[in-house]
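I have placed the structure first, in the form of structure tokens, so that the comments after it can refer back to it.
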Amino acid sequence: MKYEEFLPSHNLRPYLERFFTISLTQEQPIRELIIPDGTHGILFVQQESFRRQSAFDEKDAHHLNKSYVFGQKSNAVYYSLEKSGLYCFGVKLRPNGLSAFTPVPANEMTDTFVEAPLLFGYQFKMLEEQVFGSPSIEQKIQRLESYFLEQLPANLDEHQRLARQILAFIHQQKGQVSIARLLEIFNIGYKRMERLFKKHVGLSPKAYCRIARFNATLFYQKKHPEENLTQLAYSAGYFDQMHFVKEVKHFTNLTPSAFYQQSLQAIGTHQRQSVAERFA
């Protein structure tokens, strides 16, 4: 399998994290664990299909073969790449990125996905055809960037700006911050913050902080590979080993030893890399 990433243009980086391609050339099927990482995504699947399955319910599985928008994940999923010839092109949106391009509240997309034209409208259906018909990755990126630039509002919404500031602080603290502390720093009431996060992020502030702290363990693991799992748990601010085990199990349905030590293919490796970079 081949996985590649590409940075968006400067004006779109507050909303888009990266473009990527996935292609499967060998006959050997690949199964990847994709963890909750606080982002949304758009994926164009052409030339064969792939399977998306919940890590907690094997019956919750779907074969995808068009363009889709994926909301926030509160639990991990598996991507199964099954047929040689599979090619996917996608974009990972930042935690508050989706709400800049659609009036649909982000929490309505949490733990689900929808065909992209149903969310964005008929114009996106034409874009889908253009992306599928573009022969090079550069042309695909150019078409998608042109679309996003046209959709951006002239001025940043004050709620978007506040959501971005709070998210940046949570990342700076690597998820180790209480909701009470956030309310104090940003001089905001709890109900307002909860509405802000549901609309622009798709998760409650507490749920997002939990994901951020879990994600930050990948940063600590990358920075200190010599640390054992107990040291990793305390570095990430977990109360004790049992708390750490419970959280990892909650997000991945795996024990810490299985999750942090399992061998990874290209997608899982790059997802962990991008998560670690966010907290560097």
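Stretching the chain fully between GLU58 and SER9 yields a gain of 13.8 nm (0.36 nm per residue, less the alpha carbon separation).
Taking label points 7 Å from Cα along the Cα-to-Cβ direction, SER84 and GLN151 give a separation of 3.6 nm. Within region 5-82, the proportion of Cα pairs with more than 14 Å between them is 68 percent. Take every Cα pair under 8 Å whose residues are at least 6 apart in sequence, average their separation, divide by the length of the chain, and the relative contact order is 20 percent.
Both radii were evaluated on the Cα set of region 78-168; the Rg over Rh quotient, with Rh as the Kirkwood radius, amounts to 1.00.
Once the chain from GLN172 to GLU27 is taken as fully extended at 0.36 nm per residue, the excess over their C-alpha distance is 48.0 nm.
The string of couplings for region 91-96 from the Karplus curve (6.51, -1.76, 1.60, θ = phi - 60°) is 9, 9, 8, 5, x, 9 Hz, one whole number per residue in order, with x for Gly and Pro.
Quick check: from the Cα gyration tensor, does region 124-280 come out rounded (a/c under 1.5), prolate or oblate? Oblate.
What is region 158-278's relative contact order, in percent, from Cα pairs under 8 angstrom and six or more apart in sequence? Relative contact order for region 158-278 comes out at 24 percent. If R0 equals 41 Å, the separation of the Cβ atoms of ALA180 and GLU138 corresponds to a calculated FRET efficiency of about 0.30. When the alpha-carbon atoms of region 2-151 are used, the pair Rg, Dmax equals 14.7, 41 angstrom. Multiplying the residue separation of GLU115 and VAL245 by 0.36 nm and removing their Cα-Cα distance gives an extension gain of 43.3 nm. When the P(r) is computed for the chain, the part past 28 Å accounts for 36% of the Cα-Cα pairs.
The distance linking region 201-266 with region 164-188 is 19 Å (Cα centroid to Cα centroid, whole angstrom).
Quick one: go through region 96-114 and flag any residue whose amide nitrogen is under 12 Å from the point 7 Å out along the Cα-to-Cβ line of GLN123. Those under the cut-off are 101-103.
Here, each number is a calculation from the coordinates, and none is a lab measurement. Everything numeric here is computed off the predicted structure, so don't read it as measured data. All Cβ positions, glycine included, derive from the backbone under ideal geometry; neighbour counts span all protein chains shown.
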